[in-house]
Amino acid sequence: MPYALCFLLFMIGLYCAVVKKNMVKIVIGIMIMEYAVNLFLIMLGYRTGGEAPIIDRGHFQSATEFASFVSSSVDPLPQALVLTAIVISLGSLALMISICIKTYEKYGTFDITEIRRLRG
Amino acid sequence: MKGMTIIVKTVSSWVKILIFLFGIYIIISGHLTPGGGFAGGIIIASSYVLLMLAFGREFVEENLSLPLASKLDCLGAFAFAMIALLGFVFGGTFFVNFLVEKYGQPLELLSAGTIPLSNIAIGVKVGASLFLVVLTLSMFRPDTSSGKKE
Amino acid sequence: MAEFYILLLFMIIAAIIAVETTNLLSAVICVGAIGFGGSLMFLFLRAPDIAITQIVVEVLGLIILIRATIARDLTFISGDREFFAVVVSVVIIFVVLLAGIRAFETLPDFGTPIFTKVPGAASQTYISEGLAKTGAANLVASVVLDFRAYDTLGEATVLFTSIIGATVILRRKPKKLLEDLD
């Protein structure tokens, strides 16, 4: 059921990116899709009642403590993938916004249908 | 970009050094506590962005100008690639952790081979990159003489 | 489990407001609310690394977005698109919806991590031997910078290229050179 709500967030972002005419709204739709995908990847690796994947001194008291940590920690691999994805989304946001600013300077509007009609 | 009132300037001149120190802490103990190079680098960049928002763009450009920021960016990326190549030279495979178990004990600050060095290189790179992009966005003055195409 | 549903509902309501409002500044603030809710979700999903990164990235992203929308033309853009564009949009949304529903039937229940269902997954090795092989106590850092360091090199390259692209697009030619050419 949380998977379905995350997919609903993705569909809202997809609707905004495909249907809207304002360029900044398209960028906002792409960002909502990125948030939804990162959330979905982390939700895949979650274990109910699990622990964060960080070892501290309390886990070394005995061998059984370490074994219980191994059997109850959440998955560290999706977290590693999402860490790079979040930083890349910031870089691509900077690129998209610089394109929007340059287009506004040249055409005077954010509307994409107006830009199509002003072909030289 | 103009500055702000005197209250914002005073408070932000006290707070910026705390943010910078917090960013350095998150980078250095990235192999023991949550954080790592990416989050720490962005925190360092946001301390400079706070300075730019409170004091105006020209004040920050005297301290950390655009060519210096881009040189730091390239230096961070170059250091990260060098660590990978040194793994090839000393260990036999590209990117191998060639300093593991050479110094320190696990769970101490000095441990885990090349991981703290990689964290520092990535922190410098990401911080300089994001400061560069916010500086470039604030330097862009729209050219009012161009106007619409006919 | 209740906190997951509350936060997801908060994010969905903020997303609907961000999509439908006509004021660009309100839309940008609602995107900030979605990012903040996402960071809290990551904290409840036992991922503190990702929560720290998400909140600082979202703060900088808000600053960049506001730079584009403030002091610009905030007039109301209305009117419909052409008929062909509407038909294509509806078809795209429908196809993605069907593909998503097909994919959901193969997922395990919420609460069992996916590497227990895939035999021979690498995550079990990362958890049990991560400290012994790399010496790092933070398992996510050991995966990002030692076991899968190629992905980090690729990410550094992509970030470098996109920042260079943004700097080049926003470059301003000095006026003197253009006049000298005439």
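Please give the average number of partner chain Cβ atoms lying within 10 Å of the Cβ of each residue in A:38-51, rounded to a whole number.
Averaged over the peptide's residues, the number is 6.
Among C:84, C:98, A:13, pick out the residue whose Cα is farthest towards the positive end of the charge dipole of the protein assembly as shown, where Lys and Arg carry +1 and Asp and Glu carry -1 on C-beta, about the Cα centre.
With unit charges placed on the Cβ atoms, the residue in question is C:84.
Which peptide among B:72-84, B:30-42 comes first, and what is the full order, when sorted by highest mean count of other Cβ atoms within 10 Å?
Descending packing order for the listed peptides: B:30-42, B:72-84.
Describe numerically, in nm with one decimal, the distance between label points set 7 Å from Cα along Cα→Cβ at residue C:116 and at residue B:71.
5.5
Relative contact order for chain C using alpha-carbon pairs under 8 Å, separation at least 6, rounded to a whole percent? Write out the running numbers ahead of the final one.
Numbers: 82 pairs, mean separation 20.8, N = 182.
Averaging sequence separation for qualifying contacts and normalising by length gives 11 percent for chain C.
Using only the Cα atoms of the stretch B:6-139, build the gyration tensor, take square roots of its eigenvalues as a ≥ b ≥ c, and label the shape rounded, prolate or oblate: rounded if a/c is under 1.5, else prolate if a/b is larger than b/c, else oblate.
On the way: a/c = 3.94, a/b = 1.81, b/c = 2.18.
Oblate is the answer for the stretch B:6-139, as a/c is 1.5 or above yet b/c matches or exceeds a/b.
For peptide A:69-76, how many partner chain Cβ atoms fall within 10 Å of a residue's Cβ, on average?
Per-residue shielding by partner chains comes out at 6.
Tell me, what is the percent relative contact order of the stretch B:6-139, built from C-alpha pairs under 8 Å that lie six or more residues apart?
32
Amide H to amide H, which residues 5 or more places from residue A:51 or on other chains are under 5 Å from it, using H placed in the peptide plane?
HN-HN under 5 Å from residue A:51: A:73, A:74.
Explain nothing, just the number: relative contact order of chain A, from Cα pairs under 8 Å at least 6 residues apart, as a whole percent.
27
With only Lys, Arg, Asp and Glu charged, each at its Cβ (+1 for the first two, -1 for the last two), find how big the charge dipole of the stretch B:6-139 is about the Cα centre; round to the nearest 20 debye.
Computed charge dipole of the stretch B:6-139: roughly 100 debye.
Can you tell which of B:136, A:110, C:17 lies farthest toward the positive end of the dipole of the protein assembly as shown, using +1 and -1 charges on the Cβ of basic and acidic side chains (Lys, Arg; Asp, Glu)?
The one lying farthest along the dipole's positive direction is A:110.
Highest first, please rank the peptides C:19-27, B:86-94, A:23-31 by the mean number of other Cβ atoms sitting within 10 Å of their residues.
Top to bottom by mean Cβ count within 10 Å: A:23-31, C:19-27, B:86-94.
Beta carbons within 10 angstrom, averaged per residue: use that to sort the peptides A:68-78, C:92-102, C:122-132, highest first.
A:68-78, C:122-132, C:92-102
In degrees, nearest 10, range 0 to 90: what is the angle between the Cα axis of helix B:6-28 and the longest Cα principal axis of chain B?
20
Extending each Cα 7 Å along its Cβ direction at residue A:102 and residue C:128, get the distance between those two points in nm, one decimal.
5.3
Based only on other Cβ atoms within 10 Å, what is the fewest-to-most ordering of C:28, A:82?
Fewest to most other Cβ atoms nearby, the residues stand as C:28, A:82.
Positive end of the charge dipole of the protein assembly as shown (Lys, Arg +1 and Asp, Glu -1 on Cβ, about the Cα centre): tell me which of B:76, A:40, B:24 has its Cα farthest that way.
Toward the positive end, the furthest listed residue is B:76.
Placing +1 at every Lys and Arg Cβ and -1 at every Asp and Glu Cβ, with all other atoms neutral, what dipole size does the stretch C:1-79 have around its Cα centre, in debye to the nearest 20?
So the magnitude is around 100 debye.
Take peptide A:96-107, look around each residue's Cβ out to 10 angstrom, count Cβ atoms belonging to other protein chains, and average those counts. All intermediate terms of the calculation are to be shown ahead of the outcome.
Details: counts 5, 12, 13, 5, 4, 10, 4, 0, 4, 7, 5, 4.
For this peptide, the per-residue mean of nearby foreign Cβ atoms is 6.
Rounding to the nearest 20 debye, state how big the charge dipole of chain C is about its Cα centre with +1 on each Lys and Arg Cβ and -1 on each Asp and Glu Cβ. Intermediate results must be reported in sequence, preceding the final value.
Details: 13 positive and 16 negative charges, 67 e Å.
Here the size comes out at about 320 debye.
We did not get these values from a lab; they are worked out from the coordinates using the rules stated. Because the structure is predicted, anything quoted here is derived from the model rather than measured. Neighbour counts run over all protein chains shown; Cβ positions are idealised from the backbone, glycine included.
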